[in-house]
Amino acid sequence: MTGTLYVVATPIGNLEDMTYRAVKILQDVELIAAEDTRHSRKLLDHYGIVTPLISYHEHNESSRTPQLLEKMHSGQSLALISDAGTPCIADPGYRLVSQCQKKDIRVVAVPGPSALIAALSIAGLPTDGFRFVGFLPAKVHGRRKLFEQFSTLRQTIVCYEAPHRLLSCLKDLVEICGAERPVAIARELTKRHEELFSGNTAQALERFSAGAIKGEIVLLLGPAPDSRPQGSVKEALTQLRETTELSWKEIVKQVAGDFGISGSDVYKESLDLRKK
Ligand code: SAM
């Protein structure tokens, strides 16, 4: 019998956010693969878990993966944990999990905290669809390019950001996505100095310009406003024809731009109207 890989979520700040099942699984497995064994030992000591630990982090993922697969092939069950939250979410683990899938080793999720979901659940922004981008690029050019994509994205966007970069990030957001764009900033979730800021980008810039920014941060950007005109393309064409002196060519061009669709599509729609 091959063993199982349990992907176990651990607290993002408050030790009491450990699930009963997570404690039980970590006690029962033969080995726990942890990002930083010394860091995780504190959590395990808190719950009296004496299971041996082995390091598994971004720098040894490729050499460690075959060793862990071998152990599971020989029948041992393993747990994968990260320093905080859910493994594989902006954290190591993907390589091991995908190799397990390929080698028919069972992978079981033991769900629990994740900063992404915790922040989203209290941000007050639409959650029906959202885009998670992990850590924002550290370099200004890469970040600004990404923000250009965000400027028209009609979905909530969730990012992890380092505190020392938050201010310059907010300045870029105001410039590229506008001062009115809704934003939420969740800082130090589940910890003593937990804070949720909710407002627009200009207000966030003002609030966080006030002093040094510390702690762990999730930045959430609300969806871009829907700037498409109301009504159908035909209605827009008719309205421009009746209320302006523009030629059909100019009208087609303007409506295509307003609706963000191709000129040839608008041209086809205009043919019936032209006959009339
Ligand atoms: N796997 C983790 C998860 O599921 O949330 C994320 C790991 S990622 C390396 C660490 C980043 O998550 C931090 O830099 C911060 O952006 C965010 N984060 C983690 N804990 C947080 C907390 N308590 N409050 C706010 N953000 C947090």
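Worth a mention:
- Qualifying residue in the range 92-103 (condition: outside any loop (DSSP other than H, G, I, E, B), within 26 Å of residue 200 (Cβ to Cβ) and at pLDDT 95 or above): no
- Condition met for residue 206 (more than 11 Å from the ligand (Cβ to nearest atom), farther than 24 Å from residue 91 by Cβ, among the charged types (D, E, K, R) and out of contact with any strand residue (DSSP E or B) (no Cβ under 8 Å at 6 or more places or on another chain)): yes
- Residue ID - surrounded by the most Cβ atoms within 10 Å (Cβ to Cβ), chosen from residues in the range 81-110 that are of a type in the set (A, V, I, L, M) and more than 9 Å from the ligand (Cβ to nearest atom): 81
- Members of the range 132-157 that are more than 23 Å from residue 117 (Cα to Cα) and not β-branched (Val, Ile, Thr): 139, 141, 142, 144, 145, 148
- Just one of the listed residues (185, 176, 251, 217) is surrounded by fewer than 19 Cβ atoms within 10 Å (Cβ to Cβ) and without any contact (Cβ under 8 Å) to a residue 60 or more places away in the chain, and it is 176.
Conditions tested, residue by residue: (1) touching a Phe, Trp or Tyr at 6+ places or on another chain (Cβ under 9 Å); (2) acidic (Asp, Glu).
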site: 23; (1), (2): yes, no
site: 38; (1), (2): no, no
site: 58; (1), (2): no, yes
site: 61; (1), (2): yes, yes
site: 66; (1), (2): no, no
site: 80; (1), (2): yes, no
site: 92; (1), (2): yes, no
site: 96; (1), (2): yes, no
site: 114; (1), (2): no, no
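- Figure legend. Inter-residue proximity from the range 70-98: first residues closer than 22 Å to residue 15 by Cα, second residues of a type in the set (Val, Ile, Thr) and within 7 Å of the ligand (Cβ to nearest atom), beta-carbon distance below 6 Å, spacing 6+ or different chains. Indicated pairs: 84/12; 85/12.
- Residue match in the range 137-155 (condition: touching a Phe, Trp or Tyr at 6+ places or on another chain (Cβ under 7 Å) and within 16 Å of the ligand (Cβ to nearest atom)): no
The values are calculated or read from the model by the stated rules, or taken from the named source; none is laboratory data. Model, not experiment: these values are computed from the prediction. Glycine also receives a Cβ, built like all others from the backbone with ideal geometry; neighbour counts cover every protein chain displayed.
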